[in-house]
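First up is the structure itself, then whatever we jot down about it.
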Amino acid sequence: MKNTYQLLLLLLIGLPTMAQIRPQSNPATPTLKVNGLDLNYFNPKEYIIADVTLTGAKFLDKDVIITLSKLTRRARIVLPGEATANAIKILWEQGLFDDVQLDVVKIEGDSVFFDIEVVERPRLSTFDIQGLSKSQKTDILEKLNAKATKTIINDNLYNTTTNTIKKYLLEKGYFFTAVTYKTKVDPNQENHVILEVSVDKGRKVKVHEINFTGNQAFSDAKLRKFLKKTKQQAFYKIFGSGKFNKEKYEEDKKALVAKMQDKGYRDAVILKDSVYQYSDKAVGIKLDMFEGPKYHFGNITWAGNAKYTGKQLEQILGLEKGAVFSEGKLEKKLRGSPNGDDVSSLYLNDGYLTFNVDPVQTKIYGDTVDVEVRIYEGPQYTNNRITVKGNTITNDRVVLRDVRTKPGDKFSKDLLMRSIREIGQMGNFDESKTVPTPKPNPADGTVDIEYAVEEKPSDQVELSGGFGGGNIIGTLGLTFNNFSLKNLLNGDWRGATPRGDGQKLSLRGQTNGKYYQSYSFSFSEPWLGGKKPISFGLSGFTSMQSVYSSVANTAPGRIRLNGVTVSLGRKLNFPDNYFQLSHALSFQQYILNNYSGYKFNIGTAYNISLSQELSRDSRDHPVFPTGGSFFKFTIQATPPYSLLNKLNYATASDKQFYKFTEYHKWKFESQWFYKVAGKLVLKAQAQFGFLGSYNKAVGDPAFERFKLGGDGMQGFDFLQGSELIAMRGYENSAVVPSGSNVDNAQKSGSPIFTKYMLELRYPVIASPSATAFLVAFAEGGNTWNKFSEYNPFNVRRSVGIGAKIFLPILGLLGVDYAFPLDKIPGLPNNGQKTFSFSIAQQLGGFN
């Protein structure tokens, strides 16, 4: 028979135990009896532990538990004594058990046998979190490392879970979160439970007030402005909700101190701050500030400079003695200017790859700080091997020919950054993942540069249906932006199409059946011959439209257009290397058969023109530029046939009069991009076009006119002789000259136009797979029939909002809602249109 004794009797001597109690024969001298022997609590006896067993443990290591109890075999123990009580206390403190008992199994002579009985706490099977969104649950489970199963359910788990949830929600603006728990047995796992976590987030709290103490030089209002992401409530803040975010608040505190220090208060610091509950919906913030004195620059000296004199470096630095002291401004002028006009860029652009600069505050007296700028120039490095990796489709030479860091040239940081921009503008790579790695070779003063790139989809497809001219029109267009004509001819296809040489091939078809068909193609090679930056382009089109008359037995009107264009261009190094000059020779044929809407309706006309285009593009991104500019000036002209032949245009037939189209055409466009604040970008654009004639007797040509208004898409107005200019808020081609026949003006277009635009852009998605941004815009534009009537300030206006998204496979898509401010009499709905949609927009150009 197993004899057990409750060790809680040790409480008689102040020590807790857990065992079974047996009645004592003599209450005055309590004893513990084992096998008929009495243990006198007032006369302890030493025993040797013969054996220790563990019962009740299923998932824990028994030997480890016995070792933790310190009741080891052959150890000596005094009974009754502290050792048994300590064993229970140690095991209980592990947090692994719901119950621990220590039993004396038997005593034989001076040997004692123990059994430790435990009840293990259940283990975590999984969390079941209620009261949160799906994304919030996912975030919290990742932070809790919920995949680590078999965690013991104890106070530590409850505390960790509660703290994790509250901290996460606090950063989201939830200040008063309550967390409660329930456990549910997991039927699929023994001794495992599902921990049901109920979360009451409460409301997102707002910042009711932000107060400061200790500030004298800075007003409370000024300091609040420095807190960009933590704003207190105000009735006029429609878009600024004032919601509290702990993470942003911590960032704001650092920014606040940095701003104060930037104003000369180098000792500024937040002594303490507190966020307190203002109400059940709001919190208040109090910050105790120390400003200190306002400091100024003293003497700025240079050490270690040999390449440039101190006077030259002072001109770059631009900080004079007595100027307000600012470590931020000093750092910016030494090595942090975004415009590259800092001291570091001066050296790095001259080959000093290992250049370093260290400003040291050598003396502080009164409100003055002396600074010594210590320079390490290092050796001048020359570019050696230039390589590229990660281009799985595009050939190495296609990437490297656009790289500005050439072997044998001095290393230049500016050219390194320009190379990243050039690689990005190819359109074949993810701009954010283009990483250059300079690898200096100090032994010979050279540097190897490796450009790591990542390919992205660049081909585009246009598949759409539209309504025009009373008919449904289907469009299919394919653009291959990394095409290889060489691989096509050799049969070396890399995937679905021959790719890798950076050429561009576009194919497009548009039809509504037998009444309208239009087909076009274009091919461009940016490096003709592969050795010089001379671009070559070839394009062609053919279009046909038929219009049936309502008069019986009347032949249908028909027009056919055919054309081909050959172009050559090259990059220039003067005035700078952002310029490009291109030339184009174009041949177009117009065949009209009883087709109205132009100055003649039967006959054939030819349009043979030569174009010269000078452009400069310094935009930092092809889709969403945040800086830089773009301008393009184009002159297009035909031979002056009327001045060379002896034709009397006053008596000439339509066939003779319009056979050879003659004109001179001038176009100018400019765009500027400026980062206003944060990610908000301002785009300013101005456009101008003028179509002139050589001979008053001939007048303006029937083709090559401008049509202003609408989305700028070619659509059903397929005639290549009309240049479509987008202007939101008005119907396609609706902006016609005042006082003109609106119907004729819409069909034929106008010889003069002007358009202005201001657009605020804000990105909402920026990834290789998509770029999306919201816009708010104001536009103004107009057209004129004569230059004598031209008034650049007399424009039709519109304002509106919209969104644009760039998908590599579809191009730039746009949707806009405009509010036209001016009416155009004579047109349905006064020529106004509020909603417009565009697909496959060009990233630059006149649209």
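The values are calculated or read from the model by the stated rules, or taken from the named source; none is laboratory data. No experiment lies behind these values; they were computed from the predicted model shown. Counting neighbours? That spans all protein chains shown, and the Cβs are built from the backbone with ideal geometry, glycine included.
Counting only residues that are touching a Leu at 6+ places or on another chain (Cβ under 9 Å) and in contact (Cβ under 8 Å) with a residue 60 or more places away in the chain, which one in the stretch 770-785 is surrounded by the most Cβ atoms within 10 Å (Cβ to Cβ)? Ranking the candidates gives THR783 first. With a requirement of 3 or more residues that are touching a residue at least 12 places away in the same chain (Cβ under 8 Å) and not charged (D, E, K, R), the helices (runs of 4 or more DSSP H) lying completely within the stretch 304-374 that satisfy it span 310-317, 343-348. Given the criteria within 24 Å of PRO338 (Cβ to Cβ), under 19 Å from the mean Cα position of the chain (by Cα), crowded, with 16+ Cβ neighbours inside 10 Å and of a type outside the set (Lys, Arg), does PHE411 qualify? For PHE411, the condition - within 24 Å of PRO338 (Cβ to Cβ), under 19 Å from the mean Cα position of the chain (by Cα), crowded, with 16+ Cβ neighbours inside 10 Å and of a type outside the set (Lys, Arg) - is not met. Among the residues of the stretch 479-528, what is the count of those that are part of a loop (DSSP other than H, G, I, E, B), farther than 19 Å from THR394 by Cβ and hydrophobic (A, V, I, L, M, F, W, C)? Residues meeting the conditions: 0. Residue-level check: of (1) farther than 30 Å from LYS433 by Cβ; (2) surrounded by 15 or more Cβ atoms within 10 Å (Cβ to Cβ); (3) in contact (Cβ under 8 Å) with a residue 24 or more places away in the chain, LEU812 misses just (1). Taken over the stretch 41-75, the criterion of being over 16 Å from ILE90 (Cβ atoms) and among the charged types (D, E, K, R) is satisfied by LYS45, GLU46, ASP51, LYS58, ARG73, ARG74. Under the condition of being small (Gly, Ala, Ser) and in contact with a Lys or Arg (Cβ under 8 Å, 6 or more places away or on another chain), the residues counted in the stretch 413-441 number 1. What are the residues in the stretch 259-272 that are surrounded by 15 or more Cβ atoms within 10 Å (Cβ to Cβ) and either touching a residue at least 24 places away in the same chain (Cβ under 8 Å) or more than 21 Å from LYS294 (Cβ to Cβ) (or both), if any? Within the stretch 259-272, LYS259, MET260, GLN261, ASP262, LYS263, GLY264, TYR265, ARG266, ALA268 meet the criteria. Candidates in the stretch 683-722 are the residues that are modelled with pLDDT under 90 and polar (S, T, N, Q); of these, the one that is nearest to GLN832 (Cα to Cα) is GLN714. Return the residues of the stretch 170-184 that are under 18 Å from GLU196 (Cβ atoms) and of a type outside the set (D, E, K, R); say none if nothing qualifies. Correct list: THR177, ALA178, VAL179, THR180, TYR181, THR183.
Could you list all residues from the stretch 79-111 that are under 16 Å from LEU54 (Cβ atoms), surrounded by 18 or more Cβ atoms within 10 Å (Cβ to Cβ) and of a type outside the set (Ser, Thr, Tyr)? Result: ALA87, ILE88, LEU91, LEU96, PHE97, VAL100, GLN101, LEU102, ASP103, VAL104. For the stretch 360-373, the set of residues classified as crowded, with 16+ Cβ neighbours inside 10 Å and under 12 Å from TRP302 (Cα atoms) consists of ASP370, VAL371, GLU372, VAL373, listed by residue number.
What pairs come out if I take residues in the stretch 829-847 that are surrounded by 13 or more Cβ atoms within 10 Å (Cβ to Cβ) and pair them with residues that are at pLDDT below 50 whose C-beta lies under 7 Å away, six or more apart or interchain? So the pair list comes out as GLN841/ASN847. For PHE59, the stated conditions do not hold, so it cannot be described as more than 58 Å from the chain's Cα centre (by Cα) and not acidic (Asp, Glu). The residue that is nearest to GLU759 (Cα to Cα), counting only those in the stretch 677-703 that are among the small types (Gly, Ala, Ser) and part of a loop (DSSP other than H, G, I, E, B), is GLY678. Just to be sure I understand, how many residues within the stretch 743-769 are assigned to a strand (DSSP E or B), touching a strand residue (DSSP E or B) at 6+ places or on another chain (Cβ under 7 Å) and surrounded by 14 or more Cβ atoms within 10 Å (Cβ to Cβ)? Number satisfying all stated conditions: 13.
You will find that of SER740, SER733, SER788, the residue that is of a type in the set (Gly, Ala, Ser), assigned to a loop (DSSP other than H, G, I, E, B) and surrounded by fewer than 18 Cβ atoms within 10 Å (Cβ to Cβ) is SER740 and no other. Taking the conditions (1) out of contact with any Gly (no Cβ under 8 Å at 6 or more places or on another chain); (2) surrounded by 17 or more Cβ atoms within 10 Å (Cβ to Cβ) in turn, LYS707 satisfies each one other than (1).
The helices (runs of 4 or more DSSP H) found entirely in the stretch 61-156 that carry 2 or more residues being at negative phi and of a type in the set (Ser, Thr, Tyr) are 62-69, 134-144.
The condition of being assigned by TED's automatic domain parsing to the domain that holds ASP61, in contact (Cβ under 8 Å) with a residue 60 or more places away in the chain and either closer than 14 Å to ILE65 by Cα or touching a His at 6+ places or on another chain (Cβ under 9 Å) (or both) holds for only one of GLN101, GLN94, that being GLN101. If you take the residues in the stretch 645-666 that are surrounded by 15 or more Cβ atoms within 10 Å (Cβ to Cβ) and among the hydroxyl-bearing types (Ser, Thr, Tyr), which one is nearest to the chain's Cα centre (by Cα)? Filtering first and then ranking leaves TYR663. Filtering the stretch 202-232 to residues that are farther than 20 Å from ASN245 by Cα, in contact (Cβ under 8 Å) with a residue 40 or more places away in the chain, surrounded by fewer than 17 Cβ atoms within 10 Å (Cβ to Cβ) and not aliphatic (A, V, I, L, M) leaves THR213, GLY214, GLN216.
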